[in-house]
Ligand SMILES: Nc1ncnc2c1ncn2[C@@H]1O[C@H](COP(=O)(O)OP(=O)(O)OP(=O)(O)O)[C@@H](O)[C@H]1O
Ligand SMILES: [Mg+2]
C-alpha cells in the first residue's frame, strides 16, 4: 500500500499543479475578457488558440478549461469585486514561478485584444493582475479603430466586401466616392472585381456623361484589376498581389481609397481584406444574405457558427492580432431596406444584433430601396449628383426631397464609419 502511494503521489501532485496552472490561466483569461459583456465569439476562438498553443496548458482537458473560464467570467459578471478576488486568488500562487507571471499576463492581454478596440475595464483588471503577479502594468494597447479614424495614417482604405453578389457593393463605392470628393478629398477607387468590371464601367460612364454634357462631375482616380490569367496558382496570387500594391502606390496621395470586391470567394477579395482599414459589408434583408455571414438556427434563434465569409474576416483579424497589426473596423449595412415585411425585418434585426456582438461588427442602415438606381448606372450618376438632363421631372427621379434623403443616408453612413472627413472646401 505504502509502495503504491509512493508511486502515485508524484503523479497526483503533478496533475494538481497542472490543474492549478490551468485555473490560473483561465482566471487570467476571464480578467482580460472582462467588461465587454458575455465573452464574444472572437474571444472564444482566442481561448481555443491559447489552450492549443500554450505548452504548459496542453495536458489539461480543454472542456474543463473552458468551464473554468466560464465560471470565472460569470463570477466577474455577477459581482466584479468578488469575482476579481476569486480570480486573483487562483493566480497569486504563481507570482514567483519562473516565466509563469509573464505567460498569465500575455493570456489576459490576448483576450482583451480579441475584443477589438481597447476597453478600459479590461485594462484596469489587467493592471490588478500585473500587480498581483509582481509585474509592471502593461501599456494599454493602442485603440486601432480610433487611431485609424483619427487619420493617424495618411490614407484610409475602405473595402466593400461580401461573398454574396448583388448586395450593392459597387453602387455604394461610387456613392461614397462622390460624397467624399464633394467634401474636397482626393479619392481613389480600385475595382478588384475587374473581370465583371461594374465599377469601372460605372466610372467610365460618368466620365463620358460629364464630357458629353459638358458638366463638372468629379471623377475618382481609378484602377481596375482583373484576375491573373496565369494557370499556376502561386504565380497568379503573387501577380494579383503585385498589381494591388502597384494600384495603391498609384493612388498614394489619395486621402480615401475605396475598393470594390467580387461577390464571390477569390484571391482578389482576400487581398482586399488584407489591405482594409474599414470593411463595409452590404447585405439585403434576406435570410439568404445572413447565411453568408453565419449559420443560424432559426427555430432556436441561435448562431450555430460563422459561415465562409464571416470566418474569413475573423481569421484575418486573428492574423492581424498575432502580428500586432491594426484590426479591420467591420461594419455591416442593411441595404435596400424596403419595409414591406415588418415581421421578417424585425426577426432579421434581432439576429443581426446577436451576430454583431458575437462577430465584432457594427450595424448600420445602408441605402434605401429606390427604383431610380437602375437608371443611374448608364450616366455614371449617383443620388448625390443633379438629375440627368431631361429627367428632372420624371417620377422616380431624385428631385429635391430624394436628394436630401440620399444625402442624409450617405452622411449617416460616413458618420458611422467614424472617419475624419471634415469638409476641406
Ligand atoms: N439601394 C438600392 N435600391 C435599388 N436598387 C439598388 C440599390 N443598390 C443597388 N441597387 C441595384 O442592385 C443591383 C446590384 O447592385 P451592385 O452592382 O452595386 O451590387 P454588387 O454587390 O456590386 O453586385 P456584384 O456582387 O455582382 O458585384 C444593381 O442593379 C443596382 O442598381
Ligand atoms: Mg459589384
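The values are calculated or read from the model by the stated rules, or taken from the named source; none is laboratory data. Remember, predicted model here, so these are calculated numbers, not experimental data. Counting neighbours? That spans all protein chains shown, and the Cβs are built from the backbone with ideal geometry, glycine included.
The set of residues in the stretch 182-229 that are within 16 Å of ligand 1 (Cβ to nearest atom), surrounded by fewer than 19 Cβ atoms within 10 Å (Cβ to Cβ) and in a strand (DSSP E or B) is empty.
Within the stretch 158-180, residues that are outside the structural domain of residue 288 (by TED's automatic domain parsing) and assigned to a strand (DSSP E or B) reach no partner that is at pLDDT below 95 and surrounded by 24 or more Cβ atoms within 10 Å (Cβ to Cβ) with beta carbons closer than 9 Å at six or more positions or on different chains.
On inspection, residue 312 passes the criterion of being modelled with pLDDT under 95, within 16 Å of ligand 1 (Cβ to nearest atom), touching a helix residue (DSSP H, G or I) at 6+ places or on another chain (Cβ under 7 Å) and in a helix (DSSP H, G or I). Take the conditions at pLDDT below 85 and in a helix (DSSP H, G or I) and apply them to residue 387. Does it pass? Judged against the criteria, residue 387 is not a match.
For every residue, the table says whether it meets (1) part of a helix (DSSP H, G or I); (2) over 13 Å from the mean Cα position of the chain (by Cα).
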{"position": "270", "(1), (2)": "yes, yes"}
{"position": "273", "(1), (2)": "yes, no"}
{"position": "296", "(1), (2)": "no, yes"}
{"position": "299", "(1), (2)": "no, yes"}
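Only one of the numbered conditions (1) modelled with pLDDT of 90 or more; (2) in contact with a strand residue (DSSP E or B) (Cβ under 7 Å, 6 or more places away or on another chain); (3) more than 16 Å from ligand 2 (Cβ to nearest atom) is not met by residue 129, and that is (2). Tell me yes or no: at least one residue of the stretch 141-148 is modelled with pLDDT of 95 or more and under 20 Å from residue 312 (Cβ atoms). Looking for residues that are modelled with pLDDT of 95 or more and under 20 Å from residue 312 (Cβ atoms), one finds none in the stretch 141-148, hence no. Of the residues making up the stretch 357-387, just one is under 19 Å from residue 345 (Cβ atoms), more than 8 Å from ligand 1 (Cβ to nearest atom) and either more than 17 Å from the chain's Cα centre (by Cα) or surrounded by 18 or more Cβ atoms within 10 Å (Cβ to Cβ) (or both), namely 361.
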